[in-house]
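Here's the structure, in structure tokens; my notes come after.
The values are calculated or read from the model by the stated rules, or taken from the named source; none is laboratory data. From a predicted model like this one, the values you see are computed outputs, not experimental measurements. Every residue, glycine among them, receives a Cβ derived from its backbone with ideal geometry; neighbour counts consider all protein chains shown.
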Amino acid sequence: MKTRKDFLAAARAEKWVGPVMLVQQRDREDASPEIRVGFTASKKVGNSVARNRAKRRLRAISAELLPASAREGHDYVWIAKRGAVKAPFWKLRRDATRALERLTAAQPSRVSVPASDTPAESPRAAPPDPSTRQADAS
């Protein structure tokens, strides 16, 4: 992802917030199965060296985890927080794994299910009959 428009669209989508990173996921709702990824770190993270290091670490994590757990046709934005520069790599991996598990489980898959295979909806429970309520003893 390169354009501001794509990053802003992802900001309006689902997100997972952790101690050292924020992960946003957006379904582009187009026919392309491509998975797009973007990385960002604000000046709050540190100087340019620290920001670039944080983004490199997030790139390494996403390259490791996204091929197995990302959804086709989605955009992912990884936003570094202050702790992303100094946190041990295993903590970054743990948080990224949690983020992807929650984000990918939150949305139904893009595969459409035929109407005959859908479970029948359970009828709503009828409201209680007011005539059967016991009178309050006052």
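A few comments on the model shown:
The rows are residues; the columns are (1) hydroxyl-bearing (S, T, Y); (2) modelled with pLDDT of 90 or more; (3) within 21 Å of D6 (Cβ to Cβ); (4) surrounded by fewer than 12 Cβ atoms within 10 Å (Cβ to Cβ).
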residue: R59; (1), (2), (3), (4): no, yes, yes, no
residue: A63; (1), (2), (3), (4): no, yes, yes, yes
residue: A68; (1), (2), (3), (4): no, no, no, yes
residue: R71; (1), (2), (3), (4): no, no, yes, no
residue: D75; (1), (2), (3), (4): no, yes, yes, no
residue: I79; (1), (2), (3), (4): no, yes, yes, no
residue: F89; (1), (2), (3), (4): no, yes, no, yes
residue: R93; (1), (2), (3), (4): no, yes, no, no
residue: T97; (1), (2), (3), (4): yes, yes, no, no
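- Selection over region 1-41 of residues that are among the small types (G, A, S) and assigned to a helix (DSSP H, G or I) gives a count of 3.
- Residue in region 42-54 that is surrounded by fewer than 18 Cβ atoms within 10 Å (Cβ to Cβ), polar (S, T, N, Q), assigned to a helix (DSSP H, G or I) and modelled with pLDDT of 90 or more present: yes
- Test: V23 is surrounded by fewer than 17 Cβ atoms within 10 Å (Cβ to Cβ), in contact with a Phe, Trp or Tyr (Cβ under 6 Å, 6 or more places away or on another chain) and under 18 Å from T104 (Cα atoms): no
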